[in-house]
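In what follows, a structure is listed as C-alpha cells, so that the remarks can point back to it.
Where a number appears in this text, it was derived from the coordinates with a stated rule and is not lab data. Quick caveat: nothing in here was measured; it's all calculated off a predicted structure. Note: ideal-geometry Cβ built from the backbone for every residue, glycine included; neighbour counts use all protein chains shown.
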Amino acid sequence: MLRIERPGGAVSAAIAAVLCASWSSAQAQNDDLFDLSLEELVNLSVTSVSRREEALSNTTSAAFVITREDIERQGIRSIPDALRLAPGLSVHQIDANKWSIGARGQTGRFANKLLVLMDGRILYTPTFSGVFWDVQTTLIEEIERIEVIRGPGAAVWGSNAVNGVINIITRRPDGAERGAVIGGTDPEGSPFGAMQLSGAFDQSGGWRAFAKYQEGKANKAESGASAEDDWNLLRAGYRAAVDRDNNQFAFSAEAYAGEMGQNFVQFSAAPPFQTLSDVDSEVSGGFVTGEWTHRHQRGASSKAQFSVDFADRTGPIDLAQTSLTIDGQHQWSRDRQDWIVGAQVRLNDYDSGTSPAYNLLDDIDDDHIFAGFIQGEFELAPNALSLTLGTKLEHNSLSPKNIEVMPTASLLWKPGPSTSVWTSVSRAVRTPAVGDLSASVLDAQPALPPGDPSNPFPLPLRSRVNGNPEFGPETLYAYEAGIRSQVSERVSLDFAGFVFDYSGLRSITTTGVFCNPSGASPLVDPLCVLGSDSVFADAILNNALESRITGGELSMNWILSDRARVAAFVAYAREDFGAGSDDAFNVAGYPELQATLRADWMPVTGFSVGVLVRYVDDIEAVSIPSLTQANLNLRWQINRDWALNAGIRNLLEDRTLEYRSELSDIVSTEIERSAYVNVHFGF
Amino acid sequence: MCANRVIGVLLGVLIGMLPAGAARANSPEDALKLAFTYNIARFVTWPEHADSGDARAFHMCVLGQAPYRIAIDNLGNRRVDNLPIEVINLEADQTEGVHCDLAYLSADAGDLSVVVEALLPTPVLTVSDAPGFANTGGIIELTRRNDRIAMRINVAASRRAGLTISSQLLSLATVVSDELEAGS
C-alpha cells in the first residue's frame, strides 16, 4: 500500500516503513522490535513502527531512506553529503558551494528533473527548476531522515517529480529534547558553530530553535590557484509542534544570510578571450510554514499546509523570488480501498537583474500553478496483490498547454511474506521554467578563438542561447519494476530497474550569427566585423530532443551483528539520444556506473567507526575520469553530555575534481583531502 | 511530521488485521511498549536472582489481553537475567498468590492502584502506560511524547521494591518522585 503524503506534506510514509532505518529492512518484522536496544527504541517513532508492520515492502517505487543514524555514523554535516548514501542519485561537488545533484541519469548544476522538498515544502527555484544547494543548509541535527524516491512521483507530487523525489524531513519537536552546542570543523575542514535550544508546551508538544554560523574555505582550481569559492552563511530556525486531541499543528520558520564566492568567467575581447573575477553572491532568504492535520473517525484524515518562501541573491545575476504555496489533502479508506485526494495552489513572484552573461527578459514576473490529484489503491487479493491508480492534473501559467495530465498505474504482488514484486507505468513532465522561456545566456561555452577550425570569423565566436516563449513541457514515460526480498534475518536485497522514454527534451536551433555590438549579420555584411569585438552565434531553445535512459540499482543491507552492519549499492544508468541529438543543449554528464559500500562498526559501546567507499564512473560529457573516494569517521559518545566526532574525508586522493559545471561561467574546483574534528555538547 | 501519525493510525485500522473497533488489539504501539519493557528488564537487578538455579523462570506478568498476546508471541523464548521468560496472564482480581518479577499493566485494564498494591510486597518491577503511573506508586511509566515512547522512572519506588536500576537506564529516562515518598 503506497501511503504517500502529498505535495503539502509530501512524506512517503510507506517508504519510511520499508526502510525506516535504512538498515532496518532486515529488522522490519514486528517481532524484531524485541531485538532493538533501548537506545534504538527511545529514538523510534511510533508511527514508523505502525507502518512498518503492514507496509513493509509495500511501496511500488524504488525508495530509500537516509536516517539520522546513518548521517551521524558517517559524520555527515551537509545535505548533499547525506544524499551520497542513497542509490540512484548522482551527487558531485563542483566548487565549495555548488553541487550537481540528480537522479537516474540526469544531473548537473542546473539539473531540473528532481523534485526536492523539505517537510513537503518545495525547494526548487522556478527560474531554472533546479535547487540552489548552497542555501539548503538547515542544521543537520534538525533532520530526522531523508526519503529518496528514484523515478517519477508526478502522479502525487506533480511536475518536476520526473527522475526522482527527495523529501528532507525534520525532527518534530516533542518537548523532550535537550539543548546542544555543536562546533568545530566540518568534513571539508571549515569551521562552524551551532546552538540548539528546546522546550515543552505542557504535555502536548514542544519547540526547538537553532542558530548556526558556517564558513567554507576556498578550494583550488585545476590551475592550482585559489578559486575564491569561499563562503559563509548564518542561519537560524524555529520549529514548534502541538498535538491536541485529533489535531496536530506544526509551525516552522528559518532565515539565512551569507556570501557565496566563486571565480566568475567573463568574456574579454583580447586573448585568451576570458578573464576571471572574484564575484561574491550575497544570498539571503527564508521561509515560514504552517501545517494542520485533523484525524477523523475510522482512520481518515485531512491536512492543510501553507508556506511562504523568500530567496534573494546577487551577482553574477540578481534574482529575487517569493513563493506562496497552499495545499490541502484528504485521505480515507473503505472496503479494501484507500483513497487520497488533494489540491495545491502555488504563486511565484520574480524579480531579476541583468548581467553580462545571463539575462531574464523582464516580461515574466510571476506565475501560478493550480493542481489537483487523486489516487486509489485497491486490494485485489488480500495481502497478496494490489493495484494503485492515480493521476495529477496541473495547470501552470508558464506552460503553453492548459493542463498537464500525469497518471500512474502500479501493481504490487507479494508471493510470500518476505518478498514483494512491483511494477509501474507513469507519465511525468517537467513544465517550463522561467529561464526556458525568457533567459538569454551568453558564453554558456567558452568562446571559439579566431583561427579555430569551427570559427570562420576573424573575431572570437561566442555562443548565445535564448529562451523561447513557446518552450513546452519535457515529457517522460517511465516503465519500472522491482523486487525486494528479506533473504535472511540479517540480509535484505532490493533491486529496481527502469526504462525512461523522454520526448520534448530541451534542445537548441541555431538562428544566426551577429556582429557585436552592431547586430548586423556578418554573412550579409562581412565588414561588420571591423567595428566589433566578437561575433555571436545565436540559438533558441526548443523541444526537439528525444532520449531513453535505461538502468537499475541493486542495494543490500547486511546486519552482521548488533554492533556491525554493511550497506552497499550499485547503480547503473545509460542515456541514448534519439531524434535531435545533434541539437542537444547543455546536457550535463552522468556517470553510468556508481557503487558505494559503507560500514558501521561499534567496537565498544559509545564508540563507532563509519567507513564509506565510493566508486564513480568517468563522466564523459564533462571530462571527469572515474574516481574512487573513501571517508572515515570516528564518533565517541564520551558520556551523556559530550560526544566527539573526528575523521578524514577523501582519504585516497590529495585532491579530486568531482565535476565540471556544464555552463562554463564559473571555475570548477578540486576538493581537497581534509581532516576534521567537532564536538557535540548536550545540556 | 504530524501526518505520519495520522497515516500510521490509518494504516493500522486499514489493513484490516482486525475487525473494526478492536484496532488496539494488535496495536504496534503495544508491541513497542512491550519491547521497551523487555529491554528495561535487562537494566534492572533483582535481589533474589543472584542465587537462583536453572530451574527458575523469570515471571513476566501481563495485565491486558492485547499486550498479553504480544508478550506470549514474542517473549516466550527469550531470557532475562539468563532466566527463561514465563509470561503470565494477570487478572486484575486474581493477583493473590501470583509471583511476578515484572508486571506490565496496560492502561486499558482499568484501575491499576489495587493491582499495584497487591503486588507490592514482592520485588516486582511494575511497568505501565497509564498516565501518572510513576507518580502513584508504580516504578516505570511509559509515556508517549508526540511520536516517541519516553520513560518516567520512580527511583524511590524501585528502592522500596528492592530493585536496583542501572544508571544507564536512568540516563534515558525522566526520574520522578512520588507522593508516597513525600509523605514518608
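With θ set to phi - 60°, apply the Karplus curve 6.51 cos²θ - 1.76 cosθ + 1.60 along the range A:80-97 and write out the HN-Hα couplings as whole Hz, x wherever there is a Gly or Pro.
Running phi through 6.51 cos²θ - 1.76 cosθ + 1.60 with θ = phi - 60° gives x, 5, 5, 5, 5, 7, 9, x, x, 9, 10, 10, 9, 8, 9, 9, 4, 10 Hz.
Starting from the amide H of A:Phe132, placed 1.01 Å from N in the peptide plane, find each other amide H under 5 Å away whose residue is 5 or more places distant or on another chain.
HN-HN under 5 Å from A:Phe132: A:Thr125.
Place +1 on the Cβ of every Lys and Arg and -1 on the Cβ of every Asp and Glu in the protein assembly as shown, take the dipole about the Cα centre, and give the residue among A:Val148, A:Val677, A:Cys515 whose Cα lies farthest towards its positive end.
After comparing all options, I get A:Val148.
Rounded to whole Hz and in sequence order, give me ³J(HN,Hα) for the range A:390-399 from the Karplus expression 6.51 cos²θ - 1.76 cosθ + 1.60, θ = phi - 60°, writing x for Gly and Pro.
Per-residue couplings from phi come out as x, 7, 10, 10, 9, 10, 10, 5, 8, 8 Hz.
Checking the cross-link filter: which lysines have an alpha carbon closer than 30 Å to that of B:Lys33, excluding same-chain neighbours under 8 positions apart?
Leaving aside lysines fewer than 8 places away in the same chain, those within reach of B:Lys33 are A:Lys303, A:Lys414.
Mark the label point 7 Å from the Cα of A:Ser277 along Cα→Cβ and return the residues of the range A:217-231 whose backbone N is within less than 17 Å of it.
Residues passing the 17 Å test: A:228-229.
Residues with amide H under 5 Å of A:Ala103's amide H, sequence separation 5 or more or different chain, H placed in the peptide plane at 1.01 Å from N; which?
For A:Ala103, the qualifying residues are A:Ser90.
Once you charge only the Cβ atoms, +1 for Lys and Arg and -1 for Asp and Glu, what is the size of the charge dipole of the range A:508-633 about its Cα centre, to the nearest 20 debye?
Approximately 760 debye in magnitude.
When we measure straight from the Cα of A:Lys401, which lysines land under 24 angstrom away, once same-chain ones fewer than 8 places off are left out?
A:Lys113, A:Lys392
Dipole size in debye (nearest 20) for the protein assembly as shown around its Cα centre, Lys and Arg Cβ +1, Asp and Glu Cβ -1?
I would put it at about 1420 debye.
Taking amide H positions as placed 1.01 Å from N in the peptide plane, with prolines and chain starts having none, which residues 5 or more places from A:Gly512, or on another chain, fall under 5 Å of its amide H?
HN-HN under 5 Å from A:Gly512: A:Asp538.
By how many nm would the segment from A:Ala621 to A:Val491 grow when fully extended, if each residue of separation counts as 0.36 nm and the alpha-carbon distance is taken off?
Full extension from A:Ala621 to A:Val491 adds 43.1 nm.
Mind checking which of A:Trp207, A:Val165, A:Gly183 is farthest towards the positive end of the range A:158-235's charge dipole, using Cβ charges of +1 (Lys, Arg) and -1 (Asp, Glu) about the Cα centre?
Checking the options against the dipole of the range A:158-235, the answer is A:Trp207.
Can you figure out the FRET efficiency of A:Ala257 with B:Asp111, using R₀ = 60 Å and their beta-carbon distance, to the nearest 0.05?
So the FRET efficiency works out to roughly 0.55.
Taking 0.36 nm per residue of sequence separation and subtracting the Cα-Cα distance, how much length would be gained by fully extending the chain between A:Asp349 and A:Asp562, in nm to one decimal?
Length gained between A:Asp349 and A:Asp562: 71.5 nm.
Roughly how big is the range A:94-229's charge dipole about its Cα centre, with Cβ charges of +1 (Lys, Arg) and -1 (Asp, Glu), in debye to the nearest 20?
Result for the range A:94-229 is approximately 420 debye, rounded to the nearest 20.
In whole Å, how far is the Cα centre of the range A:660-683 from that of the range A:132-173?
Their Cα centres are 21 Å away from one another.
Along the range B:160-173, what does the Karplus equation 6.51 cos²θ - 1.76 cosθ + 1.60 (θ = phi - 60°) give for ³J(HN,Hα), rounded to whole Hz, x for Gly and Pro?
With coefficients 6.51, -1.76 and 1.60, one gets 4, 7, x, 9, 10, 9, 5, 5, 4, 5, 4, 5, 9, 10 Hz.
Antiparallel as a % of all DSSP beta bridges within chain A, to the nearest 5?
95
What lysines could a cross-link reach from A:Lys212, if we take a straight Cα to Cα line under 30 Å and drop same-chain neighbours fewer than 8 places away?
Filter leaves A:Lys98, A:Lys220.
Taking N as the number of residues in the protein assembly as shown, what is its Cα Rg relative to 2.2 N^0.38 Å?
That ratio works out to 1.02.
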